[in-house]
1. I'd like to know if the range A:120-133 contains one or more residues that are of a type in the set (Val, Ile, Thr), in a helix (DSSP H, G or I) and surrounded by fewer than 17 Cβ atoms within 10 Å (Cβ to Cβ).
2. Hey, any hits in the range B:135-150 for a residue that's over 19 Å from B:Phe631 (Cα atoms), in contact (Cβ under 8 Å) with a residue 12 or more places away in the chain and within 16 Å of the ligand (Cβ to nearest atom)?
3. So if I check each of B:Gly402, B:Gly373, B:Gly398, B:Gly406, which one is open to solvent by less than 50 Å² (accessible area, probe 1.4 Å) and within 24 Å of B:Lys354 (Cβ to Cβ)?
4. If you check A:Leu185 against the conditions, is it in contact with a Gly (Cβ under 8 Å, 6 or more places away or on another chain) and surrounded by 13 or more Cβ atoms within 10 Å (Cβ to Cβ)?
5. Conditions: (1) open to solvent by 40 Å² or more (accessible area, probe 1.4 Å); (2) closer than 30 Å to B:Thr517 by Cα. B:Ser184 meets all but one. Number of the miss?
6. Check whether at least one residue in the range B:130-140 is open to solvent by 30 Å² or more (accessible area, probe 1.4 Å) and within 29 Å of the chain's Cα centre (by Cα), and report yes or no.
7. Name the pairs whose Cβ atoms lie under 7 Å apart, with the first residue in the range A:89-112 and open to solvent by 40 Å² or more (accessible area, probe 1.4 Å), the second charged (D, E, K, R), and 6 or more positions between them or separate chains?
8. Residues of the range B:28-71 being open to solvent by 50 Å² or more (accessible area, probe 1.4 Å) and within 12 Å of the ligand (Cβ to nearest atom), which ones?
Amino acid sequence: MSSNDHVNTHGTAGEPDPSSHHAPGSFPHILLFFIIGLALSLVVGWGIFPKLLYSQKSQPFGFSHKVHLEQVDQGCQSCHFFREDGTFSGSPRLAQCLECHEEMQGQSEDEAIFVKEYASKGREVPWLVYARQPDCVFFSHTAHVLGAKMDCVTCHGHIGTSDSLKPYEENRITGYSRDIWGPSLTGLKHNSWDRMKMDDCAECHAKYDVLHDSSVQTKRDACFVCHK
Amino acid sequence: MKLSRRCFLSFVLGGAAGTALTPLPWKLTDDLSIWSQNWPWTPVPPDGATNFVNSTCELCPAHCGITVRTVADRAVKIEGQEENANKTGGGACLLGLSGLQLLYGPTRVQGPLKRIEENGTIRFQPISWQQAIDEVVAKMAELRSQGKPQSVACLSGRDVGTVPQLFKRLLKAYGSANFVSMPSVEDAYASALRLTQGIDGFVGLDVENTDFILSFGSALLDGYGSPQRMMQAVGRLKKQRGTLVQAESRLSNTAAKADIWLAIKPGSEAALALGMAQVIISRGRYNSDFVNAHTEGFDSFAAMVKEKYAPSAVAEVTGIAPEVIAQTALAFAGAKNPLAICGRGKGQTPVSLKEVLAIQALNALVGSINRKGGAQTMPTYDYLNWPAVELDVTAQTGIAKGRLDGAGSDKYPHVGSLAHRLIEAIDASAGELQMLLVAECNPCYSLPDSDKVKAAFEKIPFIVSFSSFMDETARQADLILPNHVYLERYEDVPVMAGTVQPTIGLCQPVVSPLLNTQHLGDSIIKIALGLQGNIAKAFPWKNYESCLMETLGDQWPLMSDQGYWASEAAASSSERGFSTASGKLILMNGTLGAIFMAEAPVTASGGDYPLQLIPYDSIRLTSGYVGTPPFMIKTVEDTVLKGQEGFVALNPETGKSLGLASGDMATLITPVGQASVRVHHDDGVMPGVLSMPRGLGHSAYDSFLAAKGVNINQLIGTMEDPASGLDAAWGIRAKLVKA
Ligand code: SF4
């Protein structure tokens, strides 16, 4: 503290201000401001920031995984299939949808939108993909699903039996879905599919470190396994 | 309530403490880092379906199998195929891996161009494909109607495969025999096979099974023939305690890894080989079974080497001590499966016929012809079963006029093409050549004496380039009809480059053509159709793709799936005999005798040039048709290229005698040109020799490559091999003066 501060805070007379016990500059007064700052930032951090961070978008039209899953005979892989060369097809392209939906199959409004706006015009459906990872992440479905025999639910949750698509919450800064960081900003999760950041991948890779030992130094998986 | 300074600070502190208790800072840090990866100028391949296409790299004669990963319609990674190991060793070299920079790089020709001269300035104007083809057709039709079809020539980077053969066919039907391919060591090998075995073919080197490699200057670790295959073979040889002998004047990478480095005087390889042959014969260490059963002319060959190539005489020419020559020769003869290899550097320049015959004679003496680990005779590929071309009268008369380069004539009976002779012919009698079509090569850069080549090109009234890149030759052209690059097109590429397993690579489109280019094969077919009559009739195909599919027939599905076709056939055996009159391999007869007795071609002399400038090849630089991509240029040592300045390497002793320290600027002068260079002292260069890499000093291309270093071809003249006519230049006399 400089000598200036000393002069300012203690006034010129060098005596306590008689008008108040909580005079500006007294400890409780200072504490009050501390608490106000603390409280405000907590409100911003927990309440306002998450609201500001994500924008809500809706999918081009509604879609029921449940209905579709009941109709097909090869489970998720009927539409989210592995190509012949082992690569994973991801979200279905128009061509796959058209295999059944060249014409209306039911009466739903959503299907009508699909047929009118996309199928008949040959336009790809601009699905918003909840699980899309940043470009620096290399992920192979083959290694996990066909190799490690993991099921879809472990990472994707029970989306296969859901009746509707939840709103897509887009992170305004990164452009990726909220599902990557997870619903809770604390980063805590209840289910294995709640979030899919690096730590979440690493959790499993560390657990099975007998298989995941590509780094000679650490005997764990090396960075380049996922970051190409 | 009054807000004092302390209260404010306290408020801020409270805020900071509170913020730290929320996820905000941690989440923001994470988000900002992801945000920074998504800046619009950060190159990120678009999302899309990942695909892998098996194809063939066309960037050098090795023609490695490659797999290209594409995301949506963008190629993102080239990798060498592994399964293909028999063919090319597996993997891809630095150039092959950098291929995407050629595809997406800035030097590509965007579409057909026409050269316009206005007020003394030259520029290229975009034209339509229709106009481009029409102009070529009109010019060719005009020359034909004047009865001069023979004045049209084609200079091509290769002469095997459907595209070069379509070109040849076009010229034939049109009436010109002037299809000239660019030189390489294959030319010398082919002549040697014809002369000694009566076979049209190429030489396969069974490097996988040899236990002793005797290399006459071949850059086995720097891109000779099939680079990966050679490197792996050397690796295996060393592991299995085989022997590698490198005869080369410079301590190259290969020499450094060799068990024995014979630092020979440049240009004396043939003498060394014959000297070794003399030792092997005089000590009775040759393979008498093979020699007696399968060769003819052994006695006269023995007499010839005895007379002219005694170790003491050879020692004088080569600078290698007689005992070293003898020891090496005996070690070679004593090995189980020895193999002598011919071709300097990457093998992209021919050697003299005497040299290749001498080296092949060594292989024959130890029985390493068509034997495991030896030199295999591989027949030429003949899968093109196209109907014969009907020649009309004009075509017949044109072809009867012969070739401008004289290849195949009485004067040069042993060779198929002589590119430097074509240049000479243009230079000597302008007008004989009215039109030149240049495909997949860059002669104005890569032929020796490139300034002379450029001057000769100036004299050609009409040049059509089919180059995909704005290279030195394309810049001289009147019309540019850009070909797709190899990642955008179909093409068959028969593999030679020392392979022992006949293989045809299939180049497949990995991405759709990015620019307004057209497949060279389609351009040829369209030109032919435009010329009508018999010429059009010789091209019964709708387009190039249908021609290729028809040609490859049943093999097509397999080839398009795996990217190549490889024959099952094992290496040929000497039991099958040779196609000479006696069925034996000729070691010596009248023709060969004359060649062996002739002196080796010498460097052009003139003035006082006390030094010798010798080029070398580096795997970090390309020296043929394609320019070195930026990736590769970055790997060149700064004792070879620093910024824009190229270095000449010389022995410190030579430097001292010239008063040149490392880093000094100097002018390098040869009888054909001069250049300013920086000096680099290198103990690995023989005293009296100057060493410079091929592949630098481009005047064309982009800022990554242009004007970097010196084009050694500008400084080197042609050096014609008297026996074959091939340009066997391996260096030139030179002097170095302090700048
Ligand atoms: S060696 Fe030749 S063919 Fe093979 S990858 Fe390299 S440039 Fe391509």
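The values are calculated or read from the model by the stated rules, or taken from the named source; none is laboratory data. In this text, all values refer to a predicted model and were calculated from it rather than measured experimentally. Note that each Cβ is placed from the backbone with ideal geometry, even for glycine, and that neighbours are counted across all protein chains shown. Areas reflect the complete protein model, heavy atoms only, side chains present, ligands, DNA and RNA absent. Shrake-Rupley method; radii C 1.70, N 1.55, O 1.52, S 1.80 Å.
1. Within the range A:120-133, the first condition is being of a type in the set (Val, Ile, Thr), and the residues that meet it are A:125, A:129.
From what is left, the residues that are in a helix (DSSP H, G or I) are none.
No; the residues of the range A:120-133 include none that is of a type in the set (Val, Ile, Thr), in a helix (DSSP H, G or I) and surrounded by fewer than 17 Cβ atoms within 10 Å (Cβ to Cβ).
2. Of all residues in the range B:135-150, those over 19 Å from B:Phe631 (Cα atoms) come to B:135-150.
Pick out the ones that are also in contact (Cβ under 8 Å) with a residue 12 or more places away in the chain and you get B:135-137, B:139-141, B:143-144, B:147-150.
Okay, now just the ones that are also within 16 Å of the ligand (Cβ to nearest atom), so none.
Taking every residue of the range B:135-150 in turn, none turns out to be over 19 Å from B:Phe631 (Cα atoms), in contact (Cβ under 8 Å) with a residue 12 or more places away in the chain and within 16 Å of the ligand (Cβ to nearest atom).
3. Only one candidate passes the filter, namely B:Gly406.
4. In short, no.
5. (1)
6. no
7. Correct list of pairs: A:Arg93/A:Glu124; A:Met104/A:Glu111; A:Gln105/A:Glu111.
8. B:Pro61
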